[in-house]
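Colleague: Mind having a look at this structure? Questions to follow.
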Amino acid sequence: MKKIPEGEITFTNNISVTDYNELRKSVGWILVAPKRAEIALNHSFYLCVAMVENKPAGMMRIISDGGYSFFITDVIVKPEYQGNHIGTALISKALDYIEKDLLEDETVMISLMSAYEKEEFYQKFGFHRRPYGNHGSGMSVWVTRDLSGHVERT
């Protein structure tokens, strides 16, 4: 872990496709095809990138219907920068962004899919493990088409 002095982490609202995929690779996530990554980044409801020495150290983005449903995704902090509260700052910025427009007597839903065994981090912000109450399990599937045209769900 690189210890970063307070004040040397800045935040921006854009990232290149190359830097996005480099962040994903740093935590062992699949790379996103450049075309798909560009579309995803350009259509984010909110995007926040933590910068250290003018290089991305972490990021998160929100996708939304613009109404009552928000999904926090791509919460990434490069392993060498973990422990500097970058993830905490990113989630705080996401929640602040959503909450700033919340009207009186209004409720919105904020969802996310925690990385494996990272649930406790999100619980600090009030997120619940699912199933919880009448909330079912969070679920996902990855769909891949290989070079031969075969489609596989994993």
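The values are calculated or read from the model by the stated rules, or taken from the named source; none is laboratory data. All figures in this text were calculated on a predicted structure; none of them were measured in a lab. For neighbour counting, all protein chains shown are included, and Cβ atoms are generated from backbone atoms with ideal geometry for every residue, glycine included.
Colleague: On the given criteria, is THR88 more than 25 Å from VAL52 (Cβ to Cβ) and of a type in the set (Val, Ile, Thr)? Lay out the reasoning, then the answer.
Modeller: On the way: more than 25 Å from VAL52 (Cβ to Cβ): no; of a type in the set (Val, Ile, Thr): yes.
No; evaluated as a whole, the condition is false for this residue.
Colleague: Among the residues of the stretch 76-96, what is the count of those that are under 17 Å from LYS3 (Cα atoms) and part of a helix (DSSP H, G or I)?
Modeller: 7
Colleague: Ok, one more. Can you find a residue that is closer than 20 Å to ALA115 by Cα and either at pLDDT 95 or above or not in a helix (DSSP H, G or I) (or both) anywhere in the stretch 10-17? Step through it out loud before you land on a result.
Modeller: Taking the stretch 10-17 as the starting set, the residues that turn out to be closer than 20 Å to ALA115 by Cα are none.
Within the stretch 10-17, none of the residues are closer than 20 Å to ALA115 by Cα and either at pLDDT 95 or above or not in a helix (DSSP H, G or I) (or both).
Colleague: Another one. Any idea which residue in the stretch 55-75 is farthest from GLN123 (Cα to Cα), counting only those that are assigned to a strand (DSSP E or B) and small (Gly, Ala, Ser)? Before you say what the answer is, go through the steps one by one.
Modeller: Filtering the stretch 55-75 down to residues assigned to a strand (DSSP E or B) leaves 55-64, 69-75.
From what is left, the residues that are small (Gly, Ala, Ser) are 57-58, 64, 69.
Working: ALA57: 23, GLY58: 20, SER64: 21, SER69: 19 Å.
By that ranking, first place goes to ALA57.
Colleague: How many residues does the stretch 22-58 contain that are under 19 Å from ILE98 (Cα atoms) and exposed (fewer than 14 other Cβ atoms within 10 Å of the Cβ)?
Modeller: The total comes to 2.
Colleague: Okay, next question. Hey, can you tell me all the residues within the stretch 59-89 that are buried (at least 18 other Cβ atoms within 10 Å of the Cβ) and at positive phi?
Modeller: ASP74 - this is the single residue of the stretch 59-89 that is buried (at least 18 other Cβ atoms within 10 Å of the Cβ) and at positive phi.
Colleague: Still on this model: From LYS25, LYS35, grab the single residue that is within 15 Å of the chain's Cα centre (by Cα) and either free of Cβ contacts under 8 Å to residues at least 40 places away in the same chain or in a loop (DSSP other than H, G, I, E, B) (or both).
Modeller: On the way: LYS35 fails: within 15 Å of the chain's Cα centre (by Cα).
Testing whether each residue is within 15 Å of the chain's Cα centre (by Cα) and either free of Cβ contacts under 8 Å to residues at least 40 places away in the same chain or in a loop (DSSP other than H, G, I, E, B) (or both) leaves just LYS25.
Colleague: What are the residues in the stretch 93-123 that are at pLDDT below 90 and either surrounded by 14 or more Cβ atoms within 10 Å (Cβ to Cβ) or closer than 15 Å to ARG61 by Cα (or both), if any?
Modeller: ALA115, the sole residue that qualifies.
Colleague: Do any residues in the stretch 132-154 that are within 15 Å of LEU112 (Cβ to Cβ) and touching a residue at least 12 places away in the same chain (Cβ under 8 Å) have Cβ atoms under 8 Å from those of residues that are of a type in the set (D, E, K, R) and in a loop (DSSP other than H, G, I, E, B), where the two are at least six apart or on different chains, and which pairs are they?
Modeller: Listed by first residue and then by second, the contacts come to GLY138/ARG130.
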